[in-house]
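So the structure is just underneath, and the comments pick up after that.
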Amino acid sequence: YVSCGLFATAAYTTTARSAEPAWKPAKYVEIVVGVPPGGPLDKTARLLQKIWQERKLVEVPIAVVNKPGGGHAITLTYLNQHPGDGRYVAMVLPNLLTNSIIGANPITYTDVTPLALLTSEYIALSVKADSPVRTGRDLLDRLRADSGSMTVAITSIGSGNHMAVGAVMKAAGVDLRKMKFVSFKGASETTVAVLGGHVVILAATPTSAWPHVRDGKLRMLAVASPRRLSGKLAEVPTWKEQGADAVFANWRGVVGPKGMSATQVAFWDDALSKLIQSVEWKKELEANEWEHDYLNSAETARFMRAEYERLNLLLHELGAAK
């Protein structure tokens, strides 16, 4: 995994312009989200909505529209029903790249207008608190012995948490093609499935799983970060500490429909660059342990091209590529 942040130092130049962009959204804006309300991606969308409205960076009403299903395929199809209309933007995850690789949806990064990369969050694996699996090393030992012995809850095939599990297990020498993954529509559903004992392992962002860890319902085994996280998550070991030299983060970005004009892209570059400099945004990054990985529209397009190649290789190894 090459951290998005490596691109950021070279790429981050203030895109705010002294002259007002020539295009502005009229009437309303929709932020489309491919998961149900309540998960980290939905939370990010609602944060964008709040900051843009309160700071008047977008001067028309903004609605967050949830269209879950199909590993974000429904969201992307809906987005591209409005070609060239800059009033529609969508929150995206690695599914934007992996859907076409696994044959779930032909729409990929070349079929939309990349606008920004915002954040990334390292993926953790957790089990129920009463599970006989006590540590990450214990989990790896069990899966090396029998790769299909435990089910893993993910949001969808090709999702960031699916990719993270694949990266960890590949590094640990587990047979990826024998692993058993169970897909759900969003992070909240994966958590419910594990808490209910229907699936054994939860692959999710640490902040998504943390409330249940804090309440004694889940045990967080390890996080796929290059170093231990801070704050409340400082006690959670990395996978490298437990025998799997793997790092993987679930990035979050923003895209528009295909066919957007240069002036429309310039407006969103301006609105997004101002948003990530706001105090409210920085506070949320710190509170949620989100990595700051902002890239503007041009750099996001380049990042997605390189990321597509990397994930394509991993999905072939997982046996999920078509």
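The values are calculated or read from the model by the stated rules, or taken from the named source; none is laboratory data. Values in this document were obtained by computation on a predicted structure and should not be read as measured data. We place every Cβ from the backbone using ideal geometry, glycine too, and count neighbours over all the protein chains shown. All accessible areas refer to the heavy atoms of the entire protein, side chains included, with ligands and DNA or RNA removed. Shrake-Rupley method; radii C 1.70, N 1.55, O 1.52, S 1.80 Å.
Which percentage, to the nearest 5, of the DSSP beta bridges contained in the chain is antiparallel?
Among the beta bridges of the chain, antiparallel pairing accounts for roughly 60 percent.
Mind pulling up the Rg/Rh value for the stretch 77-173? Radius of gyration and Kirkwood radius, both on Cα.
So for the stretch 77-173, dividing Rg by the Kirkwood Rh gives 1.09.
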In nm, to one decimal, how far is the Lys258 label point from the Arg134 one, both placed 7 Å along Cα→Cβ? 5.5 nm
At 7 Å along Cα-to-Cβ for each site, give me the label-to-label distance between Leu195 and Ser149 in nm. 2.8 nm
Could you work out how far the C-alpha centroid of the stretch 254-322 sits from that of the stretch 72-147, in angstrom? 13 Å
Pairs beyond 31 Å (Cα-Cα), from Lys43/Lys178; Lys67/Lys170; Lys185/Lys258: Lys43/Lys178; Lys67/Lys170
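Summing -39500 (n - 2.57) over the DSSP H runs of n ≥ 4 in the chain and dividing by its residue number, what mean residue ellipticity at 222 nm do you reach, to the nearest 500 deg cm²/dmol?
Result for the chain, helices only: -11500 deg cm²/dmol.
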With every protein chain left in place, what is the accessible area per residue of the chain in square angstrom, probe 1.4 Å? 40 Å²
Rh (Kirkwood; distinct C-alpha pairs) - the chain, Å: 19.9 Å
What percentage of all Cα-Cα pairs in the stretch 205-322 are separated by more than 26 Å? 40 percent
How far, in nm, would the chain grow between Arg228 and Lys180 when pulled straight, counting 0.36 nm per residue and subtracting the alpha carbon separation? 14.5 nm
